[in-house]
Amino acid sequence: MNPDPRRWWALAVLATAQFMVIMDTSIIGVALPDMQRDLGFGPGGLQWVFNAYVVAFGGLLLLGGKLSDLLGARRVFTAGWLVLIAGSVLAAAAGTAGLEIAGRAVQGAGSALIAPSALTLLMVLFSARPKELAKAMAFYGAAAPAGGTAGVFLGGVITEWLSWPWIFIIYVPIGLATLALVPAVLPDVPGRRARLDVAGAAAVTAGLALAVYAIVRAPERGWDDAGTVLGLGGAVLLLVSFVALQRIVRDPLMPPAVWRAPGLAAANLAMALLGAAWIPMWYFLNLYLQQVLGYGAFPSGAALLPMTALMMVLMVGVTGRLIARFGTRPLIVTGLAVLAAGLLVLSGIDADGGFLTDVLPGSLIAAAGMSLVFIPATMAAIGGVAPERGGLASGIVNTTYQVGSAVGLAAMTAVAASQGAGEPGDLGGLTDGYQGAFVGAAVVALAGAVLAALTLRAPVPAAEPRTERVDA
């Protein structure tokens, strides 16, 4: 079959979508004080401008992947942008804290439709040519760190020179331009006839959302707080109910047989631990730059540029070639070990430190590790799944990364607090807390390397992609 001549233009659209989805998690950081002043957020409520997006995004990703399979990836991708635009308008126009949080939740729901459908479309366009697939995955993967760093930059610039509503307004023209390009460059992937497992969708969405909700509020309320315990307990019950439903319904949302696909379970475990180590590193590195070293928003973003640039260079120019030569397993194991080493270097930060001595070396090592893991783990997770299950596999791998990120950040926040991270003015206490968080994240990454070595059966070379069918 001849490759789609529009595939590289399509890749640009899909990579832009990945860029925007990730940017939406970081662009609000600098604007939070202005939003608190204008919208009347209480001290505990402001965090939900971030958390509302994460809860909706993480809770709905699996459903978004299934809808991509049933309705067609292009239709769901289009619907996701419409929802994201609507949420952006609501967030920009919000005059109260409640409406702002609602707008962010709608944005998260839109992103949960975009992310798995975009990855499905990428696999459809490039899976017939393994070398091109590796290159396309490299560009797509590099869009994530680029979006995270761009969010820090743009959030600071827009807030300083315009006003905070513009951090949401910029999604409207970009979204409309993307929608205009969709019919011209993206293939119309047909869905498959099946009933939507409504009960299963409700159980897993509610369970994931409740789990993320309980986890992100635990550092503030306490892990032994009644609300945290009840939330996590309710999430477990809902997820257990979901698993039970999948064994008895006719068209399950997540057929149990999908887990027989080569590499799916092990690669998702690696992705969860990658998120649990990487996101806390990025979060606490930002805090160290701003709260301890005294950097402003723009200098903080600049300090992350070397790390981002290295990841983009490695992902685009190196990782694909390494996959073709060694397969995915060695890169995942090595990358997680290198990430752990970078985190241990960062754990040596000092209250009187500086960028060149305390930030740059460790951040570059960690970036190299991330560059070796993200694309191979994604390919290992979805490479053995039948094409009609591609959206589901994409939803699963995105979900595990997001949930892993939320769990890791909550856990490392608790570690930082236990090690002395208290008031912003206490530089010694903050530094001790951040050191503890970096060590904890390093332990997570190292555990990921060990588990990947034990659970990933064999490397899957890009030249010989696995395409085993998985039927319900």
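Summary table below
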| quantity | calculated |
| --- | --- |
| Between 0 and 90°, nearest 10: helix 73-93 axis offset from the chain longest Cα axis | 30 degrees |
| Whole-number D in µm²/s for the stretch 257-472 (Stokes-Einstein; Kirkwood sum over Cα pairs; 37 °C, 0.692 mPa s) | 186 µm²/s |
| Cα-based convex hull volume of the stretch 1-187 per residue, rounded to whole Å³ | 103 Å³ |
| For 379, 311, order by how many other beta-carbon atoms lie within 10 Å, fewest first | 311, 379 |
| Sorted by Cβ density within 10 Å, fewest first, the residues 358, 352, 34 | 352, 34, 358 |
| Linear extension gain, residue 250 paired with residue 37, 0.36 nm per residue minus alpha-carbon span | 71.5 nm |
| With Cα atoms, 0 to 90° folded angle of helix 297-314 axis to the chain main axis | 30 degrees |
| Cleavage-rule hits, trypsin sites (Lys or Arg not before Pro), the stretch 250-354, DSSP coil, Cβ neighbours within 10 Å at most 16 | 250 |
| Taking the convex hull of Cα positions in the chain, its mean projected area over all directions (nm²) | 20.2 nm² |
| Inter-probe distance in nm under a simple model that places probes 7 Å from Cα toward Cβ, at residue 129 and residue 177 | 2.6 nm |
| Average Cα contact separation per residue, the stretch 147-296, under 8 Å, 6 or more apart, as relative contact order % | 17 percent |
| With Cα atoms, 0 to 90° folded angle of helix 390-418 axis to the chain main axis | 20 degrees |
| The stretch 129-217: trypsin sites (Lys or Arg not before Pro) in DSSP loop, at most 14 other beta carbons within 10 Å | 192, 193, 195 |
| At R0 = 30 Å, FRET efficiency that the Cβ-Cβ distance of residue 318 and residue 184 yields, to 0.05 | 0.40 |
| Magnitude of the charge dipole, the stretch 257-472, Cβ model with Lys/Arg +1 and Asp/Glu -1, debye to 20 | 960 debye |
| Percentage relative contact order, the stretch 164-248, counting C-alpha pairs under 8 Å, at least six apart | 30 percent |
| Ranking of 114, 349 by count of other Cβ atoms within 10 Å, fewest first | 349, 114 |
| Surface/4 estimate of mean projected area, convex hull on alpha-carbon atoms of the stretch 197-252, nm² | 3.3 nm² |
| Value of relative contact order over the chain, rounded to a whole percent, pairs C-alpha under 8 Å and six or more apart | 22 percent |
| Label-point gap, in nm, between residue 443 and residue 12 - each point 7 angstrom along Cα→Cβ | 4.8 nm |
| Dipole magnitude of the chain about its Cα centre (Cβ charges: Lys, Arg +1; Asp, Glu -1), debye to nearest 20 | 1940 debye |
| For the stretch 97-191, average projected area of the Cα convex hull in nm² | 7.8 nm² |
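Here, each number is a calculation from the coordinates, and none is a lab measurement. These figures come from a predicted structure and were not determined experimentally. No Cβ is skipped: glycine too gets one built from the backbone with ideal geometry, and neighbour counts run over all protein chains shown.
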